[in-house]
Amino acid sequence: MKIPILKLKDILITSIQIDLTDEEAIEFQTDVLAKVSEIDANGVVIDITALDVVDSFMARVLNNTATMVRLLGAEVVLCGMQPSVAITLVEMGRELIGVETALNLDQAVDNINELIKSRATTALKERRLEPWMGCR
Amino acid sequence: MDGVQIEIRDTRDIIAARSAGRDMARDRGFGSADQTRLATAISELTRNVIQYASNGFCTLSDLSNERDIIVHVVVEDSGPGIEDLAQAMEFGFSTSKGLGAGLPGTKRLVSSFEIESVPGHTVATIELTKRKII
């Protein structure tokens, strides 16, 4: 089953509503990356409210997706993690999740807009300072 | 003793096995954190079956006694076996492209964890245990 990826202005919103097999998880990763590049998205929100198991494989797929999206120049925020999933991930090894997270979709959209804004300001500052400072 | 056996042949069976584990834990009165711990542990072990042995079995049974509620899970395969068990239990060690969090992570999630492996037969046994309220 394909997971719908919705476009909202310059961000993508997607919600994983079913238990994914390993193959479906990889397909989802590929779809997200393709969509980011297709619409020049600045951010991606991935809602995992309905995921009741995030094992080390799924954790890796989510982490890798976030890293790949960042390489394309966009930001990622994960939202809606179940409390029991958070407990399990920390008990298994806290290295497992290295993605920006938010409690719910509202906060995730706020966070992603902040991230996009701060990235734009940093880029602007660097560009302005560089000729003057003569460094880097 | 009532039990369920699930054959593990492809990644869809991982989902079937962990759902069955969650259902059994829920039926026996375990809370949602324990249900998720067990489902995640089963997910890790059955994925190893697919990854290293291609097929095997996951057997769930209720071994509760007068004192404790016990959900007992055996995941076994007839694959090549794990060469160095001590090394496989180390966090961060993996012979595949995994994170190396599977086995050591699984051990931290359940009340008891045992694994035995010889070439041609690997058996992992996990239990979720809870004191009965009298």
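The values are calculated or read from the model by the stated rules, or taken from the named source; none is laboratory data. Fair warning: this is a prediction, and the values are worked out from it, not measured in the lab. A quick note on method: Cβ atoms are made from the backbone with ideal geometry, for glycine too, and the neighbour counts reach across all protein chains shown. Surface areas here come from the heavy atoms of the whole protein model, side chains and all, with no ligands, DNA or RNA. Shrake-Rupley method; radii C 1.70, N 1.55, O 1.52, S 1.80 Å.
Using a simple spin-label model with pseudo-atoms 7 Å out from Cα toward Cβ, A:A123 and B:I133 lie 5.6 nm apart. Rolled with a 1.4 Å probe across the full set of protein chains, the surface gives A:K125 an accessible area near 130 Å². Take the accessible area of B alone and of A alone, subtract that of the pair with a 1.4 Å probe, and the total buried over both chains is about 1900 Å². Ordering B:T40, A:G73, A:N113 by Cα displacement along the dipole of the protein assembly as shown toward the positive end leaves A:N113 in first place; charges were set at the Cβ atoms of Lys, Arg (+1) and Asp, Glu (-1). Taken along the Cα-to-beta-carbon direction at a fixed 7 Å, the label points for A:A86 and B:Q87 span 3.8 nm.
Taking every DSSP beta bridge that has both ends in the protein assembly as shown, the antiparallel portion is near 75%. Taking Cα atoms only, the orientation of helix A:22-39 departs from the longest principal axis of chain A by about 30 degrees. For chain A, the Cα gyration tensor yields ellipsoid semi-axes of 29, 17, 14 Å (square root of five times each eigenvalue, largest first, whole Å). Of all stretches in chain B that contain no trypsin sites (Lys or Arg not before Pro) in a DSSP loop with at most 15 other Cβ atoms within 10 Å, the longest one is B:10-66. Each 5 Å bin, from zero up to the one with the longest distance, holds this percent of the alpha carbon pairs of the protein assembly as shown: 1, 6, 12, 15, 16, 14, 11, 9, 6, 4, 3, 2, 1, 1, 0, 0. On a per residue basis, chain A carries 54 Å² of accessible surface, using protein heavy atoms and a 1.4 Å probe.
For the residues of B:30-41, the average number of beta carbons from a partner chain within 10 Å of their own beta carbon is 5. For B:S94 and A:I39, a Förster radius of 30 Å and the Cβ-Cβ distance give a FRET efficiency of 0.25, rounded to the nearest 0.05. Basic side chains Lys and Arg get +1 at the Cβ, acidic Asp and Glu get -1 at the Cβ, and with that the dipole of the stretch B:3-131 about its Cα centre reaches some 520 debye. Where the only charges are on Cβ atoms (+1 Lys, Arg; -1 Asp, Glu), what is the dipole of the stretch A:5-133 about its Cα centre, to the nearest 20 debye? With Lys and Arg at +1 and Asp and Glu at -1, about 740 debye.
In this structure the stretch B:1-113 gives 45 Å² per residue of accessible area when probed at 1.4 Å with all protein chains present. Since only B:F30, B:F91, B:T129 are under comparison, the one whose Cα sits farthest along the positive direction of the charge dipole of the stretch B:3-131, derived from C-beta charges on Lys, Arg, Asp and Glu, is B:F30.
Under a model in which nothing but the beta-carbon of Lys, Arg (+1) and Asp, Glu (-1) is charged, the protein assembly as shown shows a dipole of about 960 debye around its Cα centre. Quick check on the protein assembly as shown: helices-only [θ] at 222 nm, where DSSP H runs of length 4 and up contribute -39,500 (n - 2.57) each and the sum goes over total residues. Nearest 500, please. Helices in the protein assembly as shown give a 222 nm mean residue ellipticity of -14500 deg cm²/dmol.
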